[in-house]
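The values are calculated or read from the model by the stated rules, or taken from the named source; none is laboratory data. On a predicted model such as this, the values are computed, not experimentally measured, just so you know. Note: ideal-geometry Cβ built from the backbone for every residue, glycine included; neighbour counts use all protein chains shown.
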Amino acid sequence: MWVAMASPVAMLDHRMLTAHMVQHLLLMTIAPPLLWLGASVPQQRLPLAVCWLPAALVLIAWHVPAVFRLGMEWRAWHVAEQLSFLVSGLLFWWPVFQTPPRWSILAYLFLATLPCDALSGFLVFSDRIAYPVYLCAPSRDGASVLGDQQCAGALMWTAVTIVYLVAGTVLATQLLSAHRHEPTVEAA
């Protein structure tokens, strides 16, 4: 969380969309599972849609250009953006850390990649700048605004896919291992 909100990476978020995307990824995709790994996860089961939908809506809403601009221009909106990514990330990852694990979480993780894939694909393959606020940004060390946007989209696409794939692999391994150790009933 420090890297996302107080490190030199955080200071670059107004200059480069890629740095801003690193913040989002850290707050929504990396910090929440690490926090749940270090804490006792409440074992109350919530419907998966209650955990998935806020994360998808937060992701989509903050990437609407007008809303994105608010977060860039107003400190209070930027704090709200960061908090919403963290809180929705914690909510999203909650069912992943429930015990015992469930097969439905694999589908949950797969479906969670879809809004991210669509947004990432748009950022990577678009030939127009989605966030004009970066046109006025100080130097980006030689990167064009469109190139920075494409890099940010590719980073999001790759990072989210890898994190969800790792989580899904760990869960599938746990589920298959638990299935293998279940007692079997032999026919007489």
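Points worth noting:
- Residue within the range 92-112 that is within 30 Å of LEU176 (Cβ to Cβ), hydroxyl-bearing (Ser, Thr, Tyr), at pLDDT 95 or above and out of contact with any strand residue (DSSP E or B) (no Cβ under 9 Å at 6 or more places or on another chain) present: yes
Matching residues to (1) touching a helix residue (DSSP H, G or I) at 6+ places or on another chain (Cβ under 6 Å); (2) surrounded by fewer than 20 Cβ atoms within 10 Å (Cβ to Cβ); (3) at pLDDT 95 or above:
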{"site": "ALA4", "(1), (2), (3)": "yes, no, no"}
{"site": "ASP13", "(1), (2), (3)": "yes, no, no"}
{"site": "GLN23", "(1), (2), (3)": "yes, no, no"}
{"site": "LEU37", "(1), (2), (3)": "no, yes, no"}
{"site": "ARG45", "(1), (2), (3)": "no, yes, no"}
{"site": "MET72", "(1), (2), (3)": "yes, yes, no"}
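- Criterion violated by TYR108 - all others in (1) without any contact (Cβ under 8 Å) to a residue 60 or more places away in the chain; (2) of a type in the set (Phe, Trp, Tyr); (3) surrounded by 12 or more Cβ atoms within 10 Å (Cβ to Cβ) satisfied: (1)
- Considering (1) among the hydroxyl-bearing types (Ser, Thr, Tyr); (2) surrounded by fewer than 20 Cβ atoms within 10 Å (Cβ to Cβ); (3) more than 16 Å from LEU17 (Cα to Cα), the lone condition that SER84 does not fulfil carries the number (2).
- Of the residues making up the range 37-62, those that are closer than 22 Å to CYS116 by Cα and either in contact with a Phe, Trp or Tyr (Cβ under 7 Å, 6 or more places away or on another chain) or in contact (Cβ under 8 Å) with a residue 60 or more places away in the chain (or both) number 7.
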